[in-house]
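Here is the structure we will look at, set down as structure tokens.
Bear in mind these aren't lab numbers, they're just calculated from the coordinates by the rules spelled out. Because the structure is a prediction, the values reported are computed rather than measured. For neighbour counting, all protein chains shown are included, and Cβ atoms are generated from backbone atoms with ideal geometry for every residue, glycine included.
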Amino acid sequence: MVFSADVSLHQIVSALLDELDFKAVFGLRKRGAGKAFYSLFTDSSQLKDFDPFFPVMPQNAAKAISHFTFHEFSPYKVAVVLRPCEMRALIELVKLEQAKLDNILFVGLECGGVFPFEIIYSKGEADKLYSDYMDALKRGSNFDGIRDVCKGCDLFWPENVDIVVSCIGREKPSIIFCTEKGVDIARSLNLNISEADERTEASLKLEQERLNYKEKMISDIKERLAGVDGLLAVFGRCIGCHNCSHVCPLCYCKDCFFESSTFDYEAESYVRRVQKRGTIRVPMDTLLFHLGRMTHMATSCVSCGMCSDVCPVGIPVSVVFKAVGSDLQALFDYVPGRDLGEPLPLTTFRYDELHEVEDM
Ligand code: SF4
Ligand code: SF4
Ligand code: SF4
């Protein structure tokens, strides 16, 4: 059973700082047209810039939360407002022992998706785009121009959070208290709560629309990726900058093998390769980097889209990872971020799986 109250998100986070013992609120801070970044707010007077709905993901919030809870859990109570794929990534990072959830109240947005940086940061009319986007959420439709993986994201309802802010198919966002911790907060703030429905019809309809988009997106990219020629066609323009791994919340290695001295080839090594093949592509090993990254983390990829957003040559990295990740995750019946108690598939031996590989 879940409960709601006639209160805004701003009122809630403000009251957490002013009336309860919360020391900070983590969420999006909007500065000027089209610009926003994650911030810790410690004083309710700063919350005039708090704008969690602003449709941009400057970084996957899980990565930011991992920075401040990597070594020890937060000594103070903090409320965190984030999107569903960020929460899922955070749960994966907890399993990887790179983040902690203690002392954090989680507030999740029912997510209409975010825009690629190039759209939100370069368009002069970012505020108009934002208000049109919010109108589309009320109608429950995918807004043109959001990230491709968002258009195909069916997991946009926040799970594993204490409070949900539901806005799809609603005239104004509804605050839903869905865990004991969330309901305790509502009671501590003396809010008048009543039993609530979780999702609107429009939200369920959008889920189906996105599932259809996802299937088409995955089948299109698989067609493009077929065989080595397909892989080379998709990743051929990669310049090896590794932006995609630097922003990925689930690229968990602190020292990346592909940035280690193993790949600092001596001149002699280049010459040997040229003699063998006639010519070599520089930088080398770009495809190996992507295949290596996939084998490390595709079972945990939450399809957040950060990697595509930062690729300077427009490679649809997140769509590729979504396609590969979906197959791998289905193989292990694993949904990244679904359940904190569910072990990571590649770190767990299960006698009853993959017997077909033994027979190959
Ligand atoms: S992938 Fe996009 S739509 Fe899905 S939760 Fe993340 S930001 Fe929202
Ligand atoms: S691979 Fe890309 S889409 Fe997947 S979690 Fe990492 S940044 Fe997000
Ligand atoms: S961000 Fe793009 S160019 Fe850079 S390594 Fe990743 S795929 Fe290659």
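Assuming R0 = 35 Å, can you tell me the calculated FRET efficiency for the pair residue 184 and residue 205, based on Cβ-Cβ distance, to the nearest 0.05?
Details: r = 33 Å, r/R0 = 0.95.
Taking R0 as 35 Å, the efficiency between residue 184 and residue 205 is 0.60.
Just flag the trypsin sites (Lys or Arg not before Pro) in the range 63-156 sitting in loop per DSSP whose Cβ has no more than 16 other Cβ atoms within 10 Å. Hits after loop and neighbour filter: 123. GNM on the chain, alpha-carbon springs under 10 angstrom: the most fluctuating residue among 253, 85, 150 is 253.
When only C-alpha pairs under 8 Å and at least 6 residues apart count, what is the relative contact order of the chain, in percent? Can you show the working numbers first?
Working: 576 pairs, mean separation 67.9, N = 360.
Relative contact order comes out at 19 percent.
The dipole here belongs to the chain: it is taken about the Cα centre, uses +1 on the Cβ of Lys and Arg and -1 on the Cβ of Asp and Glu, and is about 1180 debye.
Note down the relative contact order for the range 2-213 as a percent, whole number, built from C-alpha pairs under 8 angstrom at least six residues apart. Don't jump to the answer; show the numbers that get you there.
Values: 395 pairs, mean separation 52.4, N = 212.
Averaging sequence separation for qualifying contacts and normalising by length gives 25 percent for the range 2-213.
Rounded to the nearest 5, the antiparallel percentage of DSSP beta bridges internal to the chain is 60%.
Using the Cα centre of the range 215-358 as the reference point, and only Cβ charges (+1 on K/R, -1 on D/E), how large is the resulting charge dipole? Debye, rounded to the nearest 20. Walk me through the intermediate numbers first.
Numbers: 14 positive and 19 negative charges, 133 e Å.
It works out to roughly 640 debye.
Taking the fewest neighbouring Cβ atoms within 10 Å as the starting point, the ordered list for 1, 294, 306 is 1, 294, 306.
The GNM of the chain, with springs linking C-alpha atoms under 10 angstrom apart, assigns the highest mean-square fluctuation among 135, 162, 333 to 333.
For a 24 Å ceiling on Cα separation, which of these pairs sit above it: 23/128; 30/172; 23/95; 48/205? Write out the running numbers ahead of the final one.
Numbers: 23/128 34 Å; 30/172 20 Å; 23/95 26 Å; 48/205 33 Å.
Flagged as over cut-off: 23/128; 23/95; 48/205.
Within the chain, 111, 150, 153, 167, 178, 238, 241, 253, 256, 301, 311 have no other Cys Cβ under 4.7 Å of their Cβ and so lack a disulfide-compatible partner by this rule. Dipole orientation for the chain: of the candidates 82, 337, 279, 279 has the Cα lying most toward the positive pole (charges on Cβ; Lys, Arg +1; Asp, Glu -1). Couplings 3J(HN,Hα) for the range 251-259, derived from phi with the Karplus relation 6.51 cos²θ - 1.76 cosθ + 1.60 (θ = phi - 60°), are 7, 8, 5, 6, 10, 6, 4, 6, 10 Hz, where x marks Gly and Pro. What the phi angles of the range 306-315 give under the Karplus curve with 6.51, -1.76 and 1.60, with θ = phi - 60°, is a coupling list of 4, 4, 5, 4, 9, 6, x, 10, x, 7 Hz, glycine and proline written as x. Dividing the Cα radius of gyration of the chain by 2.2 N^0.38 Å, with N the residue count, gives 1.06. In summary, the lysines within cross-link reach of residue 222, defined as a Cα separation below 23 angstrom excluding same-chain residues under 8 places away, comprise 151, 214, 322.
Among the complete DSSP H segments of the chain, which ones combine at least 30 Å of alpha-carbon extent along their axis with a mean Kyte-Doolittle hydropathy of 0.0 or more? Present the calculation step by step, with values, prior to reporting the outcome.
Numbers: long enough: 201-225 (36 Å, -1.10).
Helices meeting the criterion: none.
Extending 7 Å from the Cα toward the beta-carbon at both residue 330 and residue 259 defines two label points whose distance is 3.4 nm.
For the range 275-356, averaging the sequence separation of C-alpha pairs within contact (under 8 Å, six or more residues apart) and dividing by the residue count gives a relative contact order of 27 percent.
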